[in-house]
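What follows is a short report on a single structure.
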Amino acid sequence: GELAGDTMAERCRDFRYRYDHLRPGLLAEPRGHAGMYGCVLVEPCRPEADFGAVFMHNAGYMDVSGQATIGVIAALIETGILEPEGDTARVMLDTPAGVVGAEATLV
């Protein structure tokens, strides 16, 4: 469903309030572990972003995560959602910490 809020911080709070039961089910033992991170992609709030991102781990949420951003861009490329331009793929994520750009070089 759609998340309420005009900013990604507000949308993250809405996700936490309405859908937090999904986080431990996916990221905590026995399916997950302490080092596992996740990200839910939603519509961005800022027009320059491609996706909004709600980052989480087994114990809670964070405003941004480099580790999870690497996983997001890899998943977007592998599923064909993000089309590389030549040997480079770029994505702009709207996060509670601001807009974060990620670039992957395909080898």
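The values are calculated or read from the model by the stated rules, or taken from the named source; none is laboratory data. Just so you know, these numbers come straight off a predicted model, no measurement behind them. Here Cβ is always computed from backbone atoms with ideal geometry, including for glycine, and neighbour counts include all displayed protein chains. Protein only, heavy atoms only, side chains kept; ligands, DNA and RNA dropped before computing areas. Shrake-Rupley method; radii C 1.70, N 1.55, O 1.52, S 1.80 Å.
Where the second residue is assigned to a loop (DSSP other than H, G, I, E, B) and the first is small (Gly, Ala, Ser) and lies in segment 81-93, which pairs have Cβ atoms under 7 Å and are six or more apart or on separate chains?
Within 7 Å, the pairs are ALA89/LEU82; ALA89/LEU106.
For segment 19-28, what are the residues that are without any contact (Cβ under 8 Å) to a residue 24 or more places away in the chain and more than 19 Å from ASP94 (Cβ to Cβ)?
ASP20, HIS21, LEU22, GLY25, LEU26
Please indicate, with yes or no, whether at least one residue in segment 22-32 is outside any helix (DSSP H, G or I) and either touching a His at 6+ places or on another chain (Cβ under 6 Å) or surrounded by 12 or more Cβ atoms within 10 Å (Cβ to Cβ) (or both).
yes
Looking at (1) out of contact with any Phe, Trp or Tyr (no Cβ under 9 Å at 6 or more places or on another chain); (2) in contact (Cβ under 8 Å) with a residue 24 or more places away in the chain; (3) assigned to a loop (DSSP other than H, G, I, E, B), which is the one condition that is false for VAL107?
Every condition holds for VAL107 apart from (2).
Restricting attention to segment 93-104, and to residues there that are more than 11 Å from ILE73 (Cβ to Cβ) and assigned to a strand (DSSP E or B), which single residue is most open to solvent (accessible area, probe 1.4 Å)?
If we take residues in segment 93-104 being more than 11 Å from ILE73 (Cβ to Cβ) and assigned to a strand (DSSP E or B), then VAL99 is most open to solvent (accessible area, probe 1.4 Å).
Taking the residues in segment 74-92 that are at negative phi and in a loop (DSSP other than H, G, I, E, B) as candidates, determine which candidate is most open to solvent (accessible area, probe 1.4 Å).
That would be GLU83.
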